[in-house]
Every structure is written in C-alpha cells, then in structure tokens.
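K.L.:
One structure coming up, written as structure tokens, with questions to follow.
The values are calculated or read from the model by the stated rules, or taken from the named source; none is laboratory data. Just so we're clear, the structure is a prediction, and the values are computed from it rather than from any experiment. As a convention, Cβ positions derive from the backbone with ideal geometry for all residues, glycine included, and neighbour counts pool all protein chains shown. Heavy atoms of the whole protein, side chains included, go into the accessibility calculation; ligands, DNA and RNA do not. Shrake-Rupley method; radii C 1.70, N 1.55, O 1.52, S 1.80 Å.
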Amino acid sequence: MTHWRSDRLDQLPPYLFVEIDRHKRAAIEAGRDVIDFGIGDPDQPTAPFIIDRVRETIGDADNHRYASSVGTLELRTAFAEFCGERSHGTDGNETCPNLDPNSEVIVLLGAKEGIGHLPLALLNPGDTVLVPDPGYPVYVSGTVLAGGRCHAMPLRESTCWLPDFDEIPSDVARNARLMWLNYPNNPTTAMASLAFFETALEFAREYDLLIAQDAAYSEVYFDEPPASILQVDGAKEHAIEFHSLSKTFNMTGWRVAFAVGNADALAALATVKSNLDSGVFLPLQHAGIEALRGASKPEIRNQIAKYRTRRDILINGLRSAGWSINAPDATIYVWAKCPPGVKSMTLSTRILAEADVVVVPGVGFGRYGEGFVRFALTVDDERTQEAVDRIAKLSL
Ligand SMILES: *Cc1c(COP(=O)(O)O)cnc(C)c1O
C-alpha cells in the first residue's frame, strides 16, 4: 500500500472483475477470437442527426466557454418536454408529471457522476444508505467516498428482484437518508411496477428518506414502457430520478445525463457540482437537445430493436442448450442462471477459457448476484450466434 492514499479508498469494494479482465487480455494477446459480452457499452454508433448538431455548433466561439454546471436552460427544458411527452402504461394516458426546468431538472456529466456525487450532497458522517444487492457498483462507492454507511437490500429471484422493505431493520431505516433503486434493473433486467414505487414511497415517507431511482434504461424496453416513480402522486417530496442519454442514444462517451424531481435534493447536488465541475461542453448539450427531440425517430427505435433480436438469438440458443433464462423486457442485458451448484465466477472463467466468450459473474455485483451471469447485448447477431454455438458445445 502506498503512503499517498487515503484509508477511505481502501474501503471501496474490491473490483471483482480483475481476474476476468486479466484472462480476457491474455486470451486476446494469445490471438484467440474473443467474443465480449462483458461491459454494458453499446457497440452501435451515435445517430448521424445527433453528430451533425455538434458540427453545426462547434465553430461558434460562444460554445467554447465554460458551461454552467447544471446545464443550459434550453437542454433542461428539452428534457422536461421529453418527459412530459413520453407516455406510460397500456392506456397511453399516464405521463411523467410536469417538471420545472428551472428547479426540477439538472444536467450531469453522465448519470455515474450524479450518482457518485449525490451522497456527498445528502449525507452527514455515519448516515446510512440503502443499496440494492446485486447492483450498479457506484451506489456503494459514492456512499463510501462520502463517509456514509451502506446497508444492502437483497434482490432475489423469488421476489422478482425487488427489495423487501420489511426486511430492513427499523433502526437501520431510521438512520437512513437515501435509498437507491434501479429499474429497469442492471444486472437483473427486472422492471418495477407503479404499485411497487408506491410502496417504496410509503417507506420513504415513514422514515423520511430520499429515494434515488436510477432510470438509465428507461427508454431501452421491448414492449411496455417502464413506469417512472415520479408518476406516483406526491413523489417529488421524496424522490429524484436519474436519466441518461448513454444507453438510449448510444452516447456513453458523450457524458450527458439528468437528475430530475425533488428541487431541494437537486439544489444540494448542484452545490457539490458547482464546486467540482463546470458542466458539459456546450456543443454536446446542443446535440443532447437534438437527440431528445428526435427520440421517436425510426433510427433511434431501430437501434433499440436490435437488442431484442440479439436477446432472442441468445436466449433461444442457450435455452436449447439447457440454460434457464427469463427473457428480459428491458435493458441491454441477459441475466442467466448458472447450472445448479456452479458458482458464477467458476462458470464465467470456464466459458472464457473453453469458448473464448466473456460474460460477467453475478457475484461481481454483490453477494446476492451469486448463481447468475450477465451477458451484455452489445455483440451483433452473427457473433452472438457464434458465441451461442460455442457455449452449447461445453458440458457445464
Ligand atoms: C450505464 C449505467 C449508468 C451510467 O450511465 P452514464 O450516464 O453513462 O454515466 C448508470 N446506472 C446504471 C444502472 C447503468 O447501467
């Protein structure tokens, strides 16, 4: 351990993918033909109409200056309009509540940035944060870096990967300031109903905590659009929601995302941000507006439809090979059960060693992820089929 390193960094959860990463690199260096379902990073390019907007705006000197750390009013307004127009539910009538772009929307340098910084904005030392397990690792690391304590909420297949609030001891709940939710869920692909969000908000009111619902996959769905927690009456008192252009528009590298909902919590997050960053480069904010206004264009819906085709190739192939898999209704992942008694790390190591295919062990997302592996649907149809054929030949 180096002298130049805080104790806090040593409390960050260990990076469990190190081993898989090392094996993957070794396989590639050895010239093997590796098919990588590892990272949730879309392989398709950003749509040309979005890129064109950068070309149109990048020469303007006004766009070369510091941006505001909470984003331009124009981009915040475009997001509020996008939320307002987006219809939910089978009847198509329910929509997100109106968001005030002045106080209820802020722009982030990616959802990860906002998720990582939120605990710094909300917690006092020793406050507890309720975190789903398995879950996106930044919920834990942001809490640790802010000096907070995490309490895991187990997600289990038997309860459709939703947390059971009755399991949270009341003394833990009383000390909690913040609860993370993430639906559609990474890594389990589960969706949450409006009724579930209502229950979660009752819990938040009882213990006076804020719910931060990570909706990074809100637009990546195959049938019914996912519910928004902000559809629940009075949700804005106790909830904020994180959104991102990354997965919806194949824009992971661009770093444009949003936090919306409770104005006081957003103001606190904005205070942290104004001390640490100076916002998204303005041509990219212009491109973000273009993306949001073009969200219903066929080219965007077609990009998302590709995940459905890949999903079907993968799950049909693996099911024929004896795997047990539920078809996901949203996200860019497939969450597949390991054969009985096989650990997720053992399975992913074997699949890499014997089929040159990279999948992520569920245990990397938390101990309740054990028994599953995650495939990211970021590989084209032909290569996905090739991977299925290779895996089907293994005797697992
Ligand atoms: C990809 C992802 C994010 C990060 O999105 P960015 O806007 O690219 O930072 C946040 N949450 C979850 C669950 C994700 O999978």
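K.L.:
Using a probe of 1.4 angstrom, how much of the accessible area of region 48-293 is carbon and sulfur, in percent?
P.N.:
Working: 4580 of 9560 Å².
About 48 percent, which is the carbon plus sulfur part of the accessible surface.
K.L.:
For region 248-326, what class follows from the C-alpha gyration tensor (a ≥ b ≥ c being the square roots of its eigenvalues): rounded when a/c is under 1.5, otherwise prolate if a/b is larger than b/c, else oblate?
P.N.:
On the way: a/c = 3.18, a/b = 1.96, b/c = 1.62.
Since a/c reaches 1.5 and a/b is larger than b/c, the shape of region 248-326 is classed as prolate.
K.L.:
List nothing, just return the count: lysine pairs in the chain, 8 or more apart or interchain, with Cα separation under 17 Å.
P.N.:
5
K.L.:
Please sort by residue number the trypsin sites (Lys or Arg not before Pro) in region 329-396 whose DSSP state is loop and whose Cβ has at most 16 other Cβ atoms within 10 Å.
P.N.:
Within region 329-396, the qualifying trypsin sites (Lys or Arg not before Pro) (loop, at most 16 other Cβ atoms within 10 Å) are Lys343, Lys393.
K.L.:
Next question, about the same structure. What shape does region 97-197 take by its C-alpha gyration tensor, where a ≥ b ≥ c are the square roots of the eigenvalues and a/c under 1.5 counts as rounded, a/b above b/c as prolate, and the rest as oblate?
P.N.:
Working: a/c = 1.57, a/b = 1.12, b/c = 1.40.
Here region 97-197 falls in the oblate category.
K.L.:
Which trypsin sites (Lys or Arg not before Pro) does region 1-31 hold that lie in a coil by DSSP with at most 13 other beta carbons within 10 Å? Don't skip to the answer; put the middle values down first.
P.N.:
On the way: sites: Arg5, Arg8, Arg22, Lys24, Arg25; in loops: Arg5.
Passing sites in region 1-31 are Arg5.
K.L.:
Next question, about the same structure. Quick one: if you stick a label point 7 Å off each Cα along the C-beta vector at Tyr15 and Glu167, how many nm between them?
P.N.:
According to this spin-label approximation, the distance is 2.9 nm.
K.L.:
Turning to a different aspect of this structure: Sorted from largest down, give the three principal axis spans of the alpha carbons of the chain, whole angstrom values.
P.N.:
Computed over the chain, the largest-to-smallest principal extents equal 58, 57, 54 Å.
K.L.:
Right, something else. On the full set of protein chains, 1.4 Å probe, figure out the accessible area of Phe196 and give it in Å² to the nearest 10.
P.N.:
20 Å²
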